[in-house]
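Right, one structure below, let's go through it.
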Amino acid sequence: MNDQTARTSVLPVIALAIGDPAGVGPELAAKLVADPEVRAAMSIVIVGDRRVLERGAADSGCILDIDVRGPDDSVASAGKPVLIDLGNLDPRTIDRGVAAAAGGRSALANFSTCLRIAAAGKADAVCFTPFNKAAMRLSHPSYDDEIGYTSEVLGLDCPASEFNILDGLWNARVTSHVPLSKVASLITTPGVVSDIRLTNNSLREAGFDKPRIAVAGLNPHAGDGGNFGHEDDQIIRPAVEQAKQEGINVDGPFPPDTVFVRATKGAFDAVLTMYHDQGQIAMKLIGFDRGVTLLGGFPFPICTPAHGSAYDIAGKGIANIGASKAAVLLAAKMVRKTMQAVAA
């Protein structure tokens, strides 16, 4: 919120967008607002269609105890979760497990509304249940990923990145949703330095006093002294050295095939990888049902479960709430830390 000094004793307000209606998003949203730990840790403002949320509640066996309001109403909560009913999708028109333009359109509308609520100071953070990128591109062909869309909605041009978080271990990446054939050409020393800074700042915002950051190499064995490529020694290592000179606790580049072994044993708080699957495979193997994705670099935290829309189990009532719950709790934790810093 804008006036955080006056709100240090108030629960964080989290705007929660209902994700793809053909997947497990509605079920997870219903489970979140019914969870006692979640309700005790934050005030939730759900954004989406009431009928979609009710279908999610029916799938999961949850009883909804919420305050339903229209799109133009105030989002201030009197205690129970608030639903901003956009009335933007009849779930009877959406087949479960099928990507559709209408589903993507509703998910984008829910998300953009949450972003604007937070940008206006009416929420402290934004979370969303899983999107389906195929459905979103059917409705918005220029859609690339959540970072680009968030920047577009908020009118921002700032360094931002996805962080995957699991059991206290963070994974950041220099390149993300790009073809593997283009990765090497996109890695530059200034770019790696910028991502190290962003990783350090985001970790500190989440409560790490002096984060320990490992940087993975690009090539096998981090180039093996130039035998398997020169990017590691000529581009990545100078970036690490520059970040060290700025006082950041960072080291590398380390061989990509062993750096996560060291990290999971407690040697590092975060690993900065060079491309999407270099870190995603490791993190999802460690704990697929518990991972969180944080969009860092924006004026407020944006969190979501690291898994997808799970079309194969949509409507069965068996979706695991673990990652979604971890996402909203992380967002609330980051907001509380910001509030405490403002009050200090």
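The values are calculated or read from the model by the stated rules, or taken from the named source; none is laboratory data. These numbers come from a predicted model, not from an experiment. Reconstructed Cβ throughout: ideal geometry from the backbone, glycine too, with neighbour counts over all protein chains shown. Surface areas here come from the heavy atoms of the whole protein model, side chains and all, with no ligands, DNA or RNA. Shrake-Rupley method; radii C 1.70, N 1.55, O 1.52, S 1.80 Å.
So if I check each of R96, R50, R69, which one is open to solvent by 70 Å² or more (accessible area, probe 1.4 Å) and either within 25 Å of L11 (Cβ to Cβ) or free of Cβ contacts under 8 Å to residues at least 40 places away in the same chain (or both)?
R50
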* Can you tell me which residue among S176, S185 is open to solvent by 20 Å² or more (accessible area, probe 1.4 Å), touching a residue at least 24 places away in the same chain (Cβ under 8 Å) and of a type in the set (G, A, S)? => S176
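Which count do you get for residues in the range 92-137 that are assigned to a strand (DSSP E or B) and of a type in the set (D, E)?
Let us first name the residues in the range 92-137 that are assigned to a strand (DSSP E or B), namely 125-128.
Then drop every residue that is not of a type in the set (D, E), which leaves none.
Of the residues in the range 92-137, 0 are assigned to a strand (DSSP E or B) and of a type in the set (D, E).
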* **Count of the range 53-81 residues which are over 22 Å from the mean Cα position of the chain (by Cα) and not in a loop (DSSP other than H, G, I, E, B)** => 9
* **Residue list for the range 222-243, filter: open to solvent by less than 70 Å² (accessible area, probe 1.4 Å) and part of a loop (DSSP other than H, G, I, E, B)** => G229
* Residue within the range 148-158 that is open to solvent by less than 10 Å² (accessible area, probe 1.4 Å), over 30 Å from G103 (Cα atoms) and either in a helix (DSSP H, G or I) or without any contact (Cβ under 8 Å) to a residue 12 or more places away in the chain (or both) present -> no
* To do: Could you figure out which of (1) out of contact with any Phe, Trp or Tyr (no Cβ under 9 Å at 6 or more places or on another chain); (2) farther than 25 Å from K316 by Cα isn't true of C114?
  => (1)
* Restricting the range 138-147 to residues that are in a loop (DSSP other than H, G, I, E, B) and touching a residue at least 12 places away in the same chain (Cβ under 8 Å), which is farthest from A41 (Cα to Cα)? -> H140
* Structure fact -> Taking the range 125-144 and the residues there that are of a type in the set (D, E, K, R) and closer than 25 Å to G56 by Cα, the one that is least open to solvent (accessible area, probe 1.4 Å) would be K133
* Asked: What pairs can you find where one residue is in the range 210-225 and modelled with pLDDT of 95 or more, the other is surrounded by fewer than 21 Cβ atoms within 10 Å (Cβ to Cβ) and among the polar types (S, T, N, Q), and their Cβ atoms are less than 6 Å apart, with a gap of 6+ or different chains?
  -> R212/N249
* Asked: In the range 53-66, what count of residues is obtained for those that are at negative phi and open to solvent by 60 Å² or more (accessible area, probe 1.4 Å)?
  -> 4
* L89: assigned to a loop (DSSP other than H, G, I, E, B) and open to solvent by less than 30 Å² (accessible area, probe 1.4 Å), yes or no? -> yes
